[in-house]
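Values in this text are rule-based calculations from the coordinates and carry no lab data. Keep in mind that what you see is a predicted model, and the values were worked out from it rather than measured. Cβ coordinates were reconstructed from backbone atoms using ideal geometry, including for glycine residues, and neighbour counts include every protein chain displayed.
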């Protein structure tokens with residue numbers, strides 16, 4: 001079934017993201033206002049003594065959805081489609097994050113990136129292959145970053161804080177890491193054995209075409225696209241392609257810096273002492289837990305999960321302030337910028353068109 005990326009769909013996603021996020025923040029603010037009485041100053045006071053040098057760092061960090069994600073997408077795309085412009089890939093990378101924040105399970109990320117790349121002249125099969133490789137790089141990065149953090153001794157305190165049934169945060173982290181590792185192995189096999197994946201997709205397309213005459217023509221076009229995507233994946237399976245994949249894994253660090261470093265930077269903005277390694281491990285844990293959240297951009301869940309996990313280091317009276325700044329760095333800033341650009345595109349004549357990307 002085709003996923004229609006219409007202005008109406010993204011507008012509804014934006015509205016849902018805003019409503020659920022505001023509800024999550026309102027619950028935290030309400031709880032802490034009740035906890036500390038009717039003293040509004042408990043919530044407002046931290047914003048009057050922010051460390052502005054770290055605020056500047058936070059703004060730079062918030063741009064990594066666009067700059068880091070776009071750079072990684074450009075490296076992968078130009079290998080199989082030379083001549084693609086970095087500026088267009090930065091827009092595509094940023095809008096991939098924008099689409100992820102407005103849809104459940106981050107399902108809008110790839111279609112939104114492909115839509116922007118198609119507008120820039122990149123064929124859909126090429127765009128799909130490049131985005132698939134960047135996702136492999138993301139999984140590989142998390143699968144490598146987690147064990148390294150543990151290896152260097154970070155997060156020992158996680159084992160001392162239990163949740164329920166004797167489960168600790170450290171146990172939860174290791175479980176999430178195992179899941180990402182399994183996904184990474186399966187996706188890497190798709191790069192090493194692209195012929196097998198091609199045959200599976202073509203057989204499915206053939207069966208669908210036999211059962212539905214109207215779908216036969218679409219399945220034929222799909223087969224052509226699969227052939228093009230297969231050629232791209234074969235290219236990534238070469239030594240030079242694997243080197244490109246390795247470079248994409250390295251670039252995943254700045255690409256996801258706003259998610260992994262937002263907690264530490266937010267604590268420094270509020271003047272809270274923080275151990276960099278421990279906070280990095282906690283933020284990695286939160287990223288694992290929220291990566292496939294069922295709400296748009298993990299809205300609601302992100303605010304409550306972060307408040308629960310970061311309660312180890314963030315004082316209760318600062319939790320609402322911390323949550324607002326943290327969410328602005330790792331998602332709100334991208335949503336605001338993406339909405340402004342998309343609004344400009346709407347005013348430029350996008351209204352009334354149905355921009356869609358077909359995904360089987």
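In the range 33-148, the alpha-carbon atoms span a convex hull of 173 Å³ per residue. For the range 231-360, averaging the sequence separation of C-alpha pairs within contact (under 8 Å, six or more residues apart) and dividing by the residue count gives a relative contact order of 21 percent. Rounded if a/c is under 1.5, else prolate if a/b beats b/c, else oblate: with a ≥ b ≥ c from the C-alpha gyration tensor eigenvalues square-rooted, which is the range 232-360? Oblate shape, in that a/c is at least 1.5 and b/c is the bigger or equal ratio. Each of 118, 240, 259 was scored by other Cβ atoms within 10 Å of its Cβ. Arranged with the fewest first, they read 240, 118, 259. Peptides 83-96, 308-321, 49-62 ranked from most to least packed give 83-96, 308-321, 49-62, packing being the mean of other C-beta atoms within 10 angstrom over each peptide's residues.
Go ahead and run the numbers for FRET between residue 345 and residue 308, Cβ-Cβ distance against an R0 of 30 Å, rounding to 0.05. According to the calculation, E is roughly 0.20.
Model label sites at residue 8 and residue 185, defined 7 Å from Cα along the beta-carbon direction, differ in position by 4.5 nm. Between residue 15 and residue 151, residue separation times 0.36 nm minus the direct Cα-Cα distance comes to 44.8 nm.
In plain terms, the chain from residue 203 to residue 86 could stretch by 38.5 nm, reckoned as 0.36 nm per residue minus the Cα-Cα distance. Given R₀ = 45 Å, what would the calculated FRET efficiency be for residue 250 paired with residue 27, taking r from the Cβ atoms and rounding to 0.05? It comes to 0.70.
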